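Novice: The structure is given below, and queries will be raised subsequently.
Here, each number is a calculation from the coordinates, and none is a lab measurement. Only a predicted model underlies this, so the values are computations on that prediction, with no experimental measurement involved. For neighbour counting, all protein chains shown are included, and Cβ atoms are generated from backbone atoms with ideal geometry for every residue, glycine included.
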Amino acid sequence: MKKTMLALAGWMAFAPVLVHARPEFLARYVADPFSRAEKAKCGNCHISPAGGGPRNEFGQAFAKNGFKIDAAFRAQWPDRFQATKTAQVEGRPVKVIWSSAKDNESVVQFGDESFLMDRGEGTMKKIDTTQVEAFQQPPGPRPDIIVDVGPGPKPADTLDSQTLPTFDYYLVDVPTNRPRPAGELSLRFSHRFSQSLVGNRDIGGHLFGLDSTSVSSFGVEYAITNRFAFLTYRQPDETIELGFQTRLLDQGKNYSPVSLSLRSTVEGEDNYSDRYTTNIQPVISRAFGNRAEIFVDPTFVIGVPRRTVTPIDQSVRFGFPLSPGESHKNMIGIENGISFRIRPKVALVAEWLPRAYGFRQDQTSNTYSFGIQRRTNRHVFGLIVTNNIFTSTDRALLGGSGNLKIGFNIARRIF
């Protein structure tokens, strides 16, 4: 009888106590008997350790579950909820086992004896080792809860634009740090029309340049893991770009104030057979809530493809004197961009790509672009105005023409 009373006392020692914490959802987590004390802070659900703004993966799953904590939800997040607890009752250790499959039941172990406690029925009975093992079996996954628990395919439409300020993996040409679910295959289309929007008397009659010829590019991107993606892209001048992008830091995790990824590609002309250019880009971004995000991407271009020339003398090469800027083989640029969400599925984007060092083609200017993006279930459509018709990494930096032209981007997530 004494052992039974000690077991009951041990079970009561672990009974949940509702704490009046703020915000309300943190209080729900703290009050749950399964919760881990070290996770009882705002950064448990939010990217920012201080709380507020975009939610992390756990916070998104918590919201999808209606901000409720139940048996199946606990089973999906073993790093947020524990299965056993131990305490001292009358100086003797008592172990309590909580089952993620049974909200109202617990097993209290005192020495070699185990007791099944049912809070709903108010009953207690002694059970053997086999019954304890059966009690601890986790439940199967619930089909109505979609959470990212590691590598593996994830439906593209679960990337909720309500919690992410950036819709696509590119603003116009500037790459972003938008998370890629492992196994995702996506397509990238870019169109830039050749007719200028200014200086044309009949621009309306030509549908603002839509009647003109276009530079149309196409790419395929595949996320091998949720942190590493393989990139391909081809322009109609037979330039092919191959490379990768890998996520290194996530804003709010490990106290990082920014998100950081590394993107590196190699471009080759004549269908990747000649004149190769290497691009290295650290992609740095900071989100402000779920509305805005800014990007600063230093871009290092090694081996800029200049005109193929043979020296005749020190100043003239095939009749084309090279300007001081054209004499460089390398280039450094600072790609800047911003995305601002004005509606749940509509965002404004803008870019400025100044060249800081090295190659500078004569009669060109820094590239700048702006536009509006519309997100659907698996597409992102962007209507663009820009001064550069080329969209590969180094060609976007090489320089614009100075005249604004219309264009559009389409991103399609296949799976």
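Novice: On a full-extension model of 0.36 nm per residue, what is the gain between residue 197 and residue 134, subtracting their alpha-carbon distance, rounded to one decimal in nm?
Specialist: 15.5 nm
Novice: A follow-up question, please. Calculate, for residue 291 and residue 185, the FRET efficiency according to 1/(1 + (r/R0)^6) with r their C-beta to C-beta distance and R0 30 Å; round to the nearest 0.05.
Specialist: It comes to 0.55.
Novice: Something else about it: Please compute the modelled spin-label separation between residue 379 and residue 302, points set 7 Å along Cα→Cβ, answer in nm with one decimal.
Specialist: Rounded to a tenth, the inter-label distance reads 4.0 nm.
Novice: Report the gain in length on full extension from residue 276 to residue 340: 0.36 nm times residue separation, minus Cα-Cα distance, nm rounded to one decimal.
Specialist: Result: 19.5 nm gained on full extension.
Novice: Something else: Just want the ordering: 342, 294, from fewest to most Cβ atoms lying within 10 Å of their own Cβ.
Specialist: Final ranking by Cβ density, sparse to dense: 342, 294.
Novice: Based on the Kirkwood radius over alpha-carbon pairs, what is the Stokes-Einstein translational diffusion coefficient of the range 156-413 at 10 °C with 1.306 mPa s viscosity, in µm²/s?
Specialist: 83
Novice: List 259, 114 from most exposed to least, where exposure is judged by having the fewest other Cβ atoms within 10 Å.
Specialist: Ordered from fewest to most neighbouring Cβ atoms within 10 Å, 259, 114 come out as 114, 259.
Novice: Which length gain, in nm to one decimal place, applies between residue 365 and residue 412 when the Cα-Cα distance is subtracted from 0.36 nm times their residue separation?
Specialist: Gain on extension, residue 365 to residue 412, equals 13.8 nm.
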